[in-house]
Structures are given as C-alpha cells and as structure tokens.
Amino acid sequence: MTPIYQSLVIAYAKAIYRDGTRRFPEIRQEYVPHVKKYAGENYTETEILRALDLTYITPDEFNDTMVFKNPPVEEPQP
C-alpha cells in the first residue's frame, strides 16, 4: 500500500480547487479521495462552487467533495 502524504494532499487540493492548474485525472489516483475529503473539510462552499463554475472540477467531483462538507447526520436511535 502506498503511503499518503498530507503535504501532497494539500498541494493537490490547492492546485485543483483554487488554482485550476491540475485536474483529478492528472494526479495519482490513490490521492483522489483524500484530496476531495480535504477540500470538503477545509474549503468553503464558495471556493468549491468557484472551482465548479470555472470547470476546475466536474459536477461529479463537486458532489463527491460536498459529501465531506455536509456529512449525513444519523438520527439517534430511541
């Protein structure tokens, strides 16, 4: 199993969501879910929407990212 480096996750997220200098198909595929999770947890909804509007990310990538922004809330069991 390849180790995941947090510094690379952060760099990929910045390059994809903020700068638009990279796309998900261009990065190492084992990093994709980590980058989406990082962006969802650390970037504002406005930043993520901007990336979508500028076509830095696709609608599917947007949806995958927003899952981490608004995780589903489990109902407490009675």
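The values are calculated or read from the model by the stated rules, or taken from the named source; none is laboratory data. This one's a predicted model, so the numbers in the text were calculated from it and none came from an experiment. Using ideal geometry, Cβ is built from the backbone for each residue, glycine included, and neighbour counts are taken over all protein chains shown. With ligands, DNA and RNA removed, areas are computed over all heavy atoms of the protein, side chains included. Shrake-Rupley method; radii C 1.70, N 1.55, O 1.52, S 1.80 Å.
Which ³J(HN,Hα) values in Hz, rounded to whole numbers, follow from the phi angles of the stretch 62-69 under the Karplus curve 6.51 cos²θ - 1.76 cosθ + 1.60, where θ = phi - 60° and Gly and Pro get x?
Each residue's phi maps through the Karplus curve to give 4, 4, 4, 6, 5, 4, 7, 6 Hz.
What whole-number value in Å² describes the accessible area per residue of the chain for a 1.4 Å probe?
Value for the chain: 68 Å² per residue.
For all pairs of alpha-carbon atoms in the stretch 28-68, what percent lies in each bin of width 5 Å, listed from the first bin to the last filled one?
Percent of Cα pairs in each bin: 6, 27, 35, 25, 7, 0.
Over its Cα atoms, what ratio of radius of gyration to 2.2 N^0.38 Å does the chain give?
1.16
With a 1.4 Å probe and all protein chains left in place, how much of the accessible area of the stretch 9-54 comes from carbon and sulfur atoms, in whole percent?
C and S atoms contribute 51 percent here.
By the scheme Lys and Arg +1, Asp and Glu -1, what is the net charge of all other residues having a beta-carbon under 11 Å from that of T65?
My count for the surroundings of T65 gives -3.
For T46 and D19, compute 0.36 nm times the residue count separating them, minus their Cα-Cα distance, and round to one decimal in nm.
Full extension from T46 to D19 adds 8.3 nm.
Suppose only helical runs count, i.e. DSSP H with n ≥ 4. What mean residue ellipticity at 222 nm does that imply for the chain under -39500 (n - 2.57) per run, divided by all residues and rounded to the nearest 500 deg cm²/dmol?
It lands at -14500 deg cm²/dmol.
If you take every residue apart from R28 with its C-beta less than 14 Å away from the C-beta of R28, what net charge results, scoring Lys and Arg +1 and Asp and Glu -1?
Here the charged neighbours net out to +1.
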